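Here's the structure, in structure tokens; my notes come after.
The values are calculated or read from the model by the stated rules, or taken from the named source; none is laboratory data. Values in this document were obtained by computation on a predicted structure and should not be read as measured data. Counting neighbours? That spans all protein chains shown, and the Cβs are built from the backbone with ideal geometry, glycine included. What goes into the accessible areas is simple: the full protein's heavy atoms, side chains included, and nothing from ligands, DNA or RNA. Shrake-Rupley method; radii C 1.70, N 1.55, O 1.52, S 1.80 Å.
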Amino acid sequence: VTPSEGVRRGTRRILEMLESLLALGGLVLLRDSVEWEGRSLLKALIKKSALCGEQVHILGCEVSEEEFREGFDSNINSRLVYHDLFRDPLNWSETGETLPGGPLEALRALCRRTHPGPVTIALDSLSWLLLHLPCTTLCQTLHTLSHQDSCRGDSSPGEQVHVLGLLHEELHGPGPLGVLSSLAQTEVTLSGAMGQASAHVLYRRPQQRPTHQTQWFSILPDFSLELQGGPPLEPQPYPDPRVPSMDPTTHLTFNLRLSKKEREAKDSLTLPFQFSSEKQQALLCPGLGQATSHIFYEPDAYDDLDQEDPDDDLDV
């Protein structure tokens with residue numbers, strides 16, 4: 001394989017990974033953590049959608065517009081429509097520069113889009129929206145937002161709607177995480193090992209079983225992906241033959257094994273619940289010289305004696 005062919009194959013694998021994340025449409029949930037941030041992967045998907053000619057709308061809540069656009073070239077930035085909720089989310093300044101109606105009205109405005117063609121909507125982030133909106137309201141709006149193509153009857157790939165939602169899973173309990181996970185067609189959980197990032201991807205295709213895939217990657221400064229083979233396996237430690245092994249049975253206050261005499265005494269002992277043949281014969285057939293026992297019963301004055309046969313009614 002020549003170096004140019006290797007580069008082409010690597011580029012093809014990167015495009016296949018990004019395309020697989022966007023192939024199903026609907027909600028793509030990116031779950032990150034403090035250790036493994038997901039905004040870089042979100043921006044990599046935004047770059048992929050912009051280069052494909054899609055209309056890209058960004059609802060920015062956590063960082064400023066300048067910080068979010070940093071790293072994109074002018075060609076990508078010219079294709080991004082940024083809806084700023086970071087500067088003044090509640091419109092307190094009343095300057096007219098912020099979105100009227102707050103975050104909920106901004107989401108509903110995206111739901112009412114009328115222009116045709118594929119569109120990508122990036123939410124940065126769902127965690128911020130969950131802290132400012134009721135969970136049920138946000139989930140209903142997300143469902144409407146991610147199913148616009150089916151509501152209008154456009155099922156062709158050219159009319160797909162991709163909703164990219166960044167979620168900081170350490171900030172929420174199992175309830176909101178489970179509800180948002182059930183809404184997602186593609187769920188990406190970011191983690192890693194030994195300094196390498198990995199993406200565990202869960203695909204939920206209609207009328208099919210969910211499928212899983214794990215990709216190891218790194219993100220370059222221009223938000224391009226570089227696939228990796230994963231970290232090497234950790235070497236298993238081998239015991240040093242020079243170090244003497246310790247016997248765990250030494251220095252015990254009790255014996256784990258019986259000696260020969262102790263085993264003979266144990267085998268010859270008859271336990272109380274064990275009946276030998278001689279003991280059975282002695283109990284069943286007492287000898288002539290053995291004493292026999294009798295039971296004497298003297299009725300009390302208050303005893304209730306019934307003279308009738310208790311089984312007399314059996315003949316009826």
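Restricting attention to the range 197-227, which residues are open to solvent by less than 80 Å² (accessible area, probe 1.4 Å), in a strand (DSSP E or B) and more than 17 Å from residue 44 (Cα to Cα)? Result: 202, 203, 211, 213, 214. A single member of 120, 137 is assigned to a helix (DSSP H, G or I), open to solvent by less than 50 Å² (accessible area, probe 1.4 Å), modelled with pLDDT under 95 and of a type in the set (Ser, Thr, Tyr), and it is 137. Scanning the range 72-92 for residues that are over 34 Å from the mean Cα position of the chain (by Cα) and either at pLDDT 90 or above or open to solvent by 90 Å² or more (accessible area, probe 1.4 Å) (or both) turns up 73, 74, 75, 77, 78, 79, 92. Would it be correct to say that residue 232 is within 30 Å of residue 16 (Cα to Cα), under 34 Å from the mean Cα position of the chain (by Cα), at pLDDT 75 or above and not in a strand (DSSP E or B)? Taking the combined requirement at face value, the residue does not satisfy it. So is residue 39 buried (at least 23 other Cβ atoms within 10 Å of the Cβ) and touching a residue at least 40 places away in the same chain (Cβ under 8 Å) or not? No, not satisfied. Of all the criteria given as (1) modelled with pLDDT of 75 or more; (2) open to solvent by 100 Å² or more (accessible area, probe 1.4 Å), the one not satisfied by residue 238 is (1). Checked against the criterion of being at pLDDT below 90 and under 29 Å from the mean Cα position of the chain (by Cα), the candidates 38, 10, 60, 26 yield just one match: 26. Residue count for the range 184-196 under the criterion of being of a type outside the set (D, E, K, R) and surrounded by 19 or more Cβ atoms within 10 Å (Cβ to Cβ): the result is 6.
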